[in-house]
């Protein structure tokens, strides 16, 4: 009887891939497990210019975590034709009456789109075009969002628990944070009478 090759043996001159995947995904908890996974954390201090109520911000802990991103970048950034995979965990909270949010960005390569998929919590996906026309759509567990490459995008947590969403984007999409640092978005999300309200802003 011919034995089936193991994962370390050759079959047809090709070494089979290891049985264990390089990354393990915990969908609900927003975790990527495995040595290739990367993680970064954004604190209030790093996002300070984005919030309108600077007096309220100065009264808060500057090292408070606003969100963290876990990602798998299997090829070098800027490589054409590849895909990246990641998850963002955006904490609940407000600076004054403005909800916690991600920094937001345009893609450096405006032809590269992106997917977001919510798995926990609730919030809003904010989009903005080059004319600063801004729109919002609800994010919650099970919503899938297609983001056009030419649109800046930001996520706001309007709930009382972490907002967790997964993302897939092109490896050569790149980031343009500068435009957002300079002028922000065309709208902000604030609490009014206990409810989130999108208000125009410059």
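Values quoted throughout were computed directly from the atomic coordinates according to the rules given, and no laboratory measurement underlies them. The model shown is predicted, which means the values in this text are computed figures rather than measured ones. Ideal geometry is used to build each Cβ from the backbone, glycine not excepted, and the neighbour counts take in all protein chains shown.
Could you tell me whether residue 188 is assigned to a strand (DSSP E or B) and either within 25 Å of residue 54 (Cα to Cα) or touching a helix residue (DSSP H, G or I) at 6+ places or on another chain (Cβ under 7 Å) (or both)?
Judged against the criteria, residue 188 is a match.
Kindly state which strands (runs of 3 or more DSSP E) lie completely within the range 98-153 and contain at least 3 residues that are in contact (Cβ under 8 Å) with a residue 40 or more places away in the chain and more than 21 Å from residue 51 (Cα to Cα).
It comes to 114-120.
Return only the number of the condition from (1) over 27 Å from residue 61 (Cβ atoms); (2) under 12 Å from the mean Cα position of the chain (by Cα) that residue 141 does not satisfy.
Here residue 141 meets the rest and fails (2).
Looking at (1) over 23 Å from residue 187 (Cα atoms); (2) surrounded by 14 or more Cβ atoms within 10 Å (Cβ to Cβ); (3) touching a residue at least 40 places away in the same chain (Cβ under 8 Å); (4) over 13 Å from the mean Cα position of the chain (by Cα), which is the only condition residue 52 fails?
Condition (1) is where residue 52 drops out.
Taking the condition of being exposed (fewer than 12 other Cβ atoms within 10 Å of the Cβ) and over 19 Å from residue 167 (Cα atoms), how many residues in the range 22-49 meet it?
Of the residues in that region, 1 qualify.
Does residue 154 meet the test of being crowded, with 22+ Cβ neighbours inside 10 Å and in contact with a strand residue (DSSP E or B) (Cβ under 6 Å, 6 or more places away or on another chain)?
So residue 154 passes the test.
For the range 159-171, check the following and say yes or no: at least one residue is free of Cβ contacts under 8 Å to residues at least 40 places away in the same chain and closer than 19 Å to residue 69 by Cβ.
Checking the range 159-171: not a single residue is free of Cβ contacts under 8 Å to residues at least 40 places away in the same chain and closer than 19 Å to residue 69 by Cβ.
Among the residues of the range 172-202, what is the count of those that are within 17 Å of residue 105 (Cβ to Cβ) and without any contact (Cβ under 8 Å) to a residue 40 or more places away in the chain?
2
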